[in-house]
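Below is one structure; the comments refer to it alone.
The values are calculated or read from the model by the stated rules, or taken from the named source; none is laboratory data. Just so we're clear, the structure is a prediction, and the values are computed from it rather than from any experiment. Cβ coordinates were reconstructed from backbone atoms using ideal geometry, including for glycine residues, and neighbour counts include every protein chain displayed.
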Amino acid sequence: METEIQKLIAKFPRESSYVTLLGDFYRETGREKKGLACYQKVLLNDSTDGYGLTAMASYYTAKNQPEKANELMLRALTDKRLPIENKLKWVRSYVVDLAQKKEDERISSLFSTLFTLYPDEEEVLKLHVDYLIHKRELVSAIAQQRRLLELNPTDEDYWQTLLTLESEPYTPAKVLQVTNEALAYFPLSPNWYYQKAGAQMQLNLFDDALVTIDSALTFVESIDKRIKGMFLALKADVFISQKKYKPAFTYYDQSLEFDPANAMTQNNYAYYLALTNGDLRKAERLISDAVKSDPKNATFLDTYAWVLFMRQDYRSAKFYQERAIDIDSDMVILEHYGDILFALGEVDEAMRWWQKSLDAGNESAILKEKIAQKQYIPELIIIEQDEKK
C-alpha cells in the first residue's frame, strides 16, 4: 500500500491529496509522527491547501481538540480544489454543534461563506433549509426551498418538503397552489392528486375535487389497486360532504372491493351507515374489522360504540366508549359517552359527561340542547326515500 501511494506521489507531484493519503496510511498503521509530517509538508508548500487542512483537522479531532480542528476546517472551506463532498460531512456536524450552543451569528457567517463559494449547490441549500426549519424560520425556509426547486424542479422530494412547509399551519389555498405546481412536473403521481382533492374539499370546491379524483382514477389502478381504492374512498368522502349519501355508499363499496382491509374506509363507511340509520349489521361488521386491525384507535372505538348504540346494545356500547376515553378525551367522544349513559338511565352521569364535552370546546347546538333539556336528542341524518333506493 505504501509503495503504491509513493508511486502516485512521484507520478503526480502536484497532487497534495496523495501526500495526505500517505499521511493517513501512516497514522492508521501507528506511525503518527510520519503521518503528521506528511500533512505539515503539504501545508508548508501551500497553507491554503484544503487536503492538508482537512487532514490536519482530523489529527486534532483525534487529539480531542475540536476548536483547532474547526479552525482548520473553516480555512479548508475556501479551497475550491477540495471537493464539496469532503467538506459537507464536517459542515453538518459543525452546524449541529453551533446550533446546540445557540451561536447563530457563527452559523450565519458559515452559510454566507458557503453560498459565496457554492451559490447553486443543492446540498448546501438543503442543509440551510434544515437549519431554518430547526429555528422555526419557516418563511425563510420556504424561500430557500423554492430556490432549490429553481435549481432542480424534477426532484419530487423537494416539492413534498415545500408542501410540508406551506402546510404549517394547514392552509388549503396554499396546498392547492403547491399541488398544482407539482402536477406540472409529475402528472402521473397519485400523491399530488390526492392532496389537491383534499385541499379542494376544504375549500368546498366539491365539483373540482371530483374532477381531480376522476383524473387520478384514469391511471392509478395500473400503479396499485389499493391506491385506486383510496381514491374511490376519497370520492365517497366528497359525496358525504355534499350530503349525497347514496353515491357515497356506492363508492365506499367500490373502494373496499379494491382495498378490503382499509380500516379508515371501514370506519367512515360504518359511521355514516349508522348516522343515516342504514344497514347497521353491515356497519358493525365493517367497524369490527377496523377495530381488530387497530384496537387502540380511539376514533374506531368511538365509531364501534356509536354503531352499537344505534343497535340499542347500550352495555356493549359503554364498554367500547370507555376504552376510547382511556385513549383520547376528545370532546365528541365525551359527548357520545353521555349519550350512552343517558340511554342506560344514568341521567345525572350523562349530564356530567355532556358538560365535560362542552367544557372541552364542543360548540354543537344539539349538545347545548341536551344539557338545557336534560334529554338525549337524536343526531340522525334523514335520507329521503328516493335516495335510499
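A few points about this structure:
- Unique match (being among the acidic types (Asp, Glu) and within 16 Å of the chain's Cα centre (by Cα)) among Glu150, Glu156, Glu137: Glu156
- Within the range 43-83, the set of residues being within 17 Å of Glu15 (Cα to Cα) and either over 47 Å from the mean Cα position of the chain (by Cα) or not in a helix (DSSP H, G or I) (or both) comprises Leu44, Asn45, Asp46, Ser47, Thr48, Asp49, Asp79, Lys80, Arg81, Leu82, Pro83.
- Selection from the range 93-149 of residues that are more than 23 Å from Lys80 (Cβ to Cβ) and of a type in the set (Asp, Glu): Asp97, Glu103, Asp104, Glu105, Asp130, Glu137
- The helices (runs of 4 or more DSSP H) found wholly in the range 160-264 and carrying at least 2 residues that are among the hydroxyl-bearing types (Ser, Thr, Tyr) and more than 30 Å from Ser140 (Cβ to Cβ) occupy 206-217, 245-258.
- Applying the set (1) at pLDDT 90 or above; (2) touching a Lys or Arg at 6+ places or on another chain (Cβ under 6 Å); (3) not hydroxyl-bearing (Ser, Thr, Tyr) to Asp46 leaves exactly one unmet item: (2).
For (1) out of contact with any Leu (no Cβ under 9 Å at 6 or more places or on another chain); (2) modelled with pLDDT of 95 or more, each residue gets a yes or a no:
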site	(1), (2)
Ser112	yes, no
Leu117	no, no
Leu125	no, yes
Val129	no, yes
His134	yes, no
Ala141	no, yes
Arg147	no, yes
Glu150	yes, yes
Pro153	yes, yes
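- Of Leu358, Leu341, all but one fail to be over 16 Å from Asp302 (Cα atoms) and at pLDDT 95 or above; the exception is Leu358.
- Look at (1) of a type in the set (Gly, Ala, Ser); (2) over 29 Å from Pro260 (Cβ atoms); (3) without any contact (Cβ under 8 Å) to a residue 24 or more places away in the chain and you find that Ser215 fails only one, number (2).
- Single residue of the range 136-159 satisfying the filter (hydroxyl-bearing (Ser, Thr, Tyr) and part of a helix (DSSP H, G or I)) that is farthest from Asp208 (Cα to Cα): Ser140
- Residue in the range 167-179 that is at pLDDT below 95, of a type in the set (D, E, K, R) and under 17 Å from Ala199 (Cα atoms) present: yes
- Unmet criterion (only one of (1) closer than 28 Å to Tyr118 by Cβ; (2) touching a helix residue (DSSP H, G or I) at 6+ places or on another chain (Cβ under 6 Å)) for Thr154: (2)
- Gly23 vs. criteria outside any helix (DSSP H, G or I) and either free of Cβ contacts under 8 Å to residues at least 12 places away in the same chain or over 30 Å from Lys101 (Cβ atoms) (or both): no
- Residue count, the range 1-20 (criterion: under 24 Å from Trp90 (Cβ atoms) and in a helix (DSSP H, G or I)): 6
Rundown of residues vs (1) under 25 Å from the mean Cα position of the chain (by Cα); (2) at negative phi; (3) not assigned by TED's automatic domain parsing to the domain that holds Lys370, yes/no style:
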{"residue": "Lys225", "(1), (2), (3)": "yes, yes, yes"}
{"residue": "Met230", "(1), (2), (3)": "yes, yes, yes"}
{"residue": "Asn268", "(1), (2), (3)": "yes, yes, no"}
{"residue": "Gly278", "(1), (2), (3)": "no, yes, no"}
{"residue": "Trp306", "(1), (2), (3)": "no, yes, no"}
{"residue": "Arg315", "(1), (2), (3)": "no, yes, no"}
{"residue": "Gln321", "(1), (2), (3)": "no, yes, no"}
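- Scanning the range 341-376 for residues that are out of contact with any Leu (no Cβ under 9 Å at 6 or more places or on another chain) and under 19 Å from Leu308 (Cβ atoms) turns up Leu341, Phe342, Ala343, Leu344, Gly345, Glu346, Tyr376.
- Counted residues, the range 114-134 - those being free of Cβ contacts under 8 Å to residues at least 12 places away in the same chain and either in the same structural domain as Glu181 (by TED's automatic domain parsing) or more than 18 Å from Lys89 (Cα to Cα) (or both): 2
- Any hit, the range 102-109, residues being buried (at least 19 other Cβ atoms within 10 Å of the Cβ), over 27 Å from the mean Cα position of the chain (by Cα), within 30 Å of Ser16 (Cα to Cα) and not assigned by TED's automatic domain parsing to the domain that holds Pro190: no
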